[in-house]
Amino acid sequence: MEVVLAQAAGFCYGVKRACQVAFEAAQTHPGGVSSLGPIIHNPQMVARLAEAGLKVIGDLEQAPVGAVLIRSHGVPPEVFGELRRRGFEVVDATCPLVQRAQRLAESLAAEGYRVVVVGEPEHPEVKALVAWADAGRKPDAPGAAVVQTFADAAALSRAKRIGVVAQTTQLEEEYARLVGELLKCADELKVYNTICDATAKRQRAMLDLLGEVEGMVVVGGRNSANTTRLYERCREMRVRAWHIETAEELEPAWFAGMRRVGVTAGASTPDWIIEEVVERLRGF
Ligand code: SF4
């Protein structure tokens, strides 16, 4: 059976960088390194990092003395202050593209714009963006708002000046539509494009491949939103697809009679897992 890997699949720049920073920190801090939440939505990679010495904690109360790693989504500015106050060394693996969005949110608020973050309200990156904006605002200015849907945008109270940033993983078309709605809420609208195209690139590469294969194997953590989205797109396009985390899950019977199968992977799937999947499929 022929196996074709999508042109863009697997680790994005920010996640790859965060994992490298985590492995290096684990090696250079024999006293221990903790990460505030799992550094990546991939259980196999989290297990490897744990073997290397990275401990995942839910909050700072659980952190042993030593270094604390900030994952690629970033954290609110007050977390940095709290870490330093408690004497932790900070290892910052925030993705530089997320840092850019944080700086823009903060500066918009400092310039007097009411900041609107377009994204998922419960996502840690969005929560941190709101906190960075609020850290920059003047004392009597309203806090930053999060908009995810048209209804959210329509419900926003009118403001003279609104400044907008997006969660980095938003899709451009969706962002543009919501920005159009926000135009109705302000005399002046300042919009930054803070979208990173890693997610869109993986989707485009997979869609390009769908017409050429009889089935698609989507590799990545079941807790990874962008991997799940790739799988859902296959289903929407009525292509046979399987979402797996590791090569061991593959069943030869799934591919009976197929001559060409595609493989894609979310932005949090390490190369070694993708290679194992491709290798095993080629043996079917
Ligand atoms: S998806 Fe983009 S912004 Fe998010 S961590 Fe990866 S490279 Fe950075």
query: Looking at the range 193-220, which of its residues are more than 14 Å from the ligand (Cβ to nearest atom) and not β-branched (Val, Ile, Thr)?
result: 204, 205, 206, 207, 208, 209, 210, 211, 212, 214, 215, 216
query: Considering the range 21-41 alone, what residues qualify as being open to solvent by 50 Å² or more (accessible area, probe 1.4 Å) and within 13 Å of the ligand (Cβ to nearest atom)?
result: 41
query: Restricting attention to the range 113-128, which residues are more than 16 Å from the ligand (Cβ to nearest atom) and open to solvent by less than 40 Å² (accessible area, probe 1.4 Å)?
result: 113, 115, 116
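Restricting attention to the range 68-79, and to residues there that are crowded, with 16+ Cβ neighbours inside 10 Å and not in a loop (DSSP other than H, G, I, E, B), which single residue is nearest to the chain's Cα centre (by Cα)?
Once the filter is applied, the top-ranked residue is 70.
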field: Verdict on residue 65 being in a loop (DSSP other than H, G, I, E, B), among the aliphatic types (A, V, I, L, M) and in contact (Cβ under 8 Å) with a residue 24 or more places away in the chain
entry: yes
message: I'd like to check something: does the range 245-257 contain any residue that is under 25 Å from residue 169 (Cα atoms), modelled with pLDDT of 95 or more and of a type outside the set (D, E, K, R)?
response: yes
- request: Being away from the ligand (no atom under 16 Å from the Cβ), at pLDDT 95 or above and either β-branched (Val, Ile, Thr) or within 22 Å of residue 196 (Cα to Cα) (or both) is the filter here, so list the residues in the range 154-175 that pass it.
  value: 162, 163, 164
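The values are calculated or read from the model by the stated rules, or taken from the named source; none is laboratory data. This one's a predicted model, so the numbers in the text were calculated from it and none came from an experiment. So basically every Cβ, Gly included, is an ideal-geometry build from the backbone, and we count neighbours across all protein chains shown. SASA here: full protein model, heavy atoms, side chains in, ligands and nucleic acids out. Shrake-Rupley method; radii C 1.70, N 1.55, O 1.52, S 1.80 Å.
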